[in-house]
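Presented below is the structure to which this report refers.
The values are calculated or read from the model by the stated rules, or taken from the named source; none is laboratory data. Please read all numbers here as calculations on a predicted model, not as lab measurements. Neighbour counts run over all protein chains shown; Cβ positions are idealised from the backbone, glycine included. With ligands, DNA and RNA removed, areas are computed over all heavy atoms of the protein, side chains included. Shrake-Rupley method; radii C 1.70, N 1.55, O 1.52, S 1.80 Å.
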2 protein chains.
Amino acid sequence: MKSVDPSRSRPGDAAAYYRCHVFCCINERPEGHPRGCCKERGSVRLRNYMKARAKELGIDGVRINQSGCLDRCELGPVMVIYPEGIWYRYDTLEDVDEILQQHVIGGGRVERLLLRPEDGPK
Amino acid sequence: MKSVDPSRSRPGDAAAYYRCHVFCCINERPEGHPRGCCKERGSVRLRNYMKARAKELGIDGVRINQSGCLDRCELGPVMVIYPEGIWYRYDTLEDVDEILQQHVIGGGRVERLLLRPEDGPK
């Protein structure tokens, strides 16, 4: 099993524009929605912190974006990191720091925060 | 040169949650901003069309998301497709149809709409 699907790249494809591209869901659903949403669980603050911290650390080739609904609402706040396609659930600024240091900079994984496909919600 | 950086995947990484994950910038800058923005060039309509059309076509394993600023404003409206990390500039519903058919479904490239790293804006 691989997170990157090499069958989707093609000879002649350009180099990556961002070495590491992070998308943090900040979608908001109406209050009381059964799925909940990343925004009500603090994703905006967490994403803003991650963006600012990445800048402070001067990490090259990385972009921290906000995104619309990634459709894993029940598990949120969630982020996905490409091209490797790794998903995390994160709750605190310390979680963000660990993802930045261990994954974004170090190229490793933060095992305790990983989301796997079988985690759903499907 | 490859769009997918295999050095970022690790043994034991989970399978991809989405086979093909599209992010369409819908960022809005103040009117008259020298960089312009994807929103003022119609990105919201284009992204909504792409999402609806992908659903109509019943394409499996694909998600069409909106995102914050992808920082290639001058070239917009822009989208990036992961895990392959391919960027497009797109202006019309016909462009969207071509990207869906040729790239998302067919796994090819729409050469006339491709953005390469050297296109900037850096």
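Before moving on, here are some points about what is shown:
- In nanometres and ascending order, the distances from the B:Pro121 label point to those of the other copies are 3.7 (point 7 Å from Cα along Cα→Cβ).
- Options A:Thr92, A:Pro34, A:Ser7, ranked by Cα towards positive dipole end of chain A, top entry (Cβ charges): A:Ser7
- Cα-based Lys proximity count in chain A, under 25 Å, for pairs eight or more positions apart or on separate chains: 4
- The B and A chains share an interface that buries close to 4100 Å² of accessible area, total over both sides, probe 1.4 Å.
- Placing +1 on the Cβ of every Lys and Arg and -1 on the Cβ of every Asp and Glu, with nothing else charged, gives chain A a dipole about its Cα centre of roughly 280 debye.
- Gaussian network model of chain A, Cα within-10 Å springs - most flexible of A:Leu57, A:Leu46, A:Leu93: A:Leu57
- In nanometers and ordered shortest first, the copy-to-copy spacing of the A:Gln102 label point, defined 7 Å from Cα toward Cβ, is 4.3.
- Three-way shape label, the protein assembly as shown, alpha-carbon gyration tensor, a/c 1.5: rounded
- Net length gained if the chain between A:Gln102 and A:Glu118 were fully extended (0.36 nm per residue, minus Cα distance): 3.4 nm
- For the stretch B:59-112, the relative contact order works out to 22 percent when only alpha carbon pairs closer than 8 Å and six or more residues apart are counted.
- Debye log10 I(q)/I(0) for the stretch B:26-65, one point scatterer per Cα, at q = 0.20, 0.23, 0.25, 0.27 Å⁻¹: -0.62, -0.71, -0.77, -0.84
- Residues whose placed amide H lies under 5 Å from that of B:Cys38, excluding near-sequence neighbours: B:Asn27
- Summarising the strand pairing of the protein assembly as shown, around 65 percent of its internal DSSP beta bridges are antiparallel.
- Scaled against the 2.2 N^0.38 Å expected of a compact globular protein of N residues, the Cα radius of gyration of the stretch B:44-122 reads 1.04.
- Based on DSSP H segments of at least four residues, each scored -39500 (n - 2.57), chain A has a per-residue ellipticity at 222 nm of -5000 deg cm²/dmol.
- Rounded to whole numbers, the Karplus 3J(HN,Hα) couplings from phi for the stretch A:54-66 are 4, 5, 4, 6, x, 6, 7, x, 10, 10, 10, 9, 8 Hz, using 6.51 cos²θ - 1.76 cosθ + 1.60 with θ = phi - 60°, and x at Gly and Pro.
- Relative contact order of chain B, pairs being alpha-carbon contacts under 8 Å that are 6 or more residues apart, as %: 28
- Phi-based couplings in Hz for the stretch B:107-118 (Karplus 6.51, -1.76, 1.60; Gly and Pro marked x): x, x, 10, 9, 4, 5, 10, 4, 10, 9, x, 6
- Among beta bridges that DSSP assigns inside chain A, antiparallel share in %, nearest 5: 60
- The stretch A:83-122 shape via C-alpha gyration tensor axes, a/c threshold 1.5: oblate
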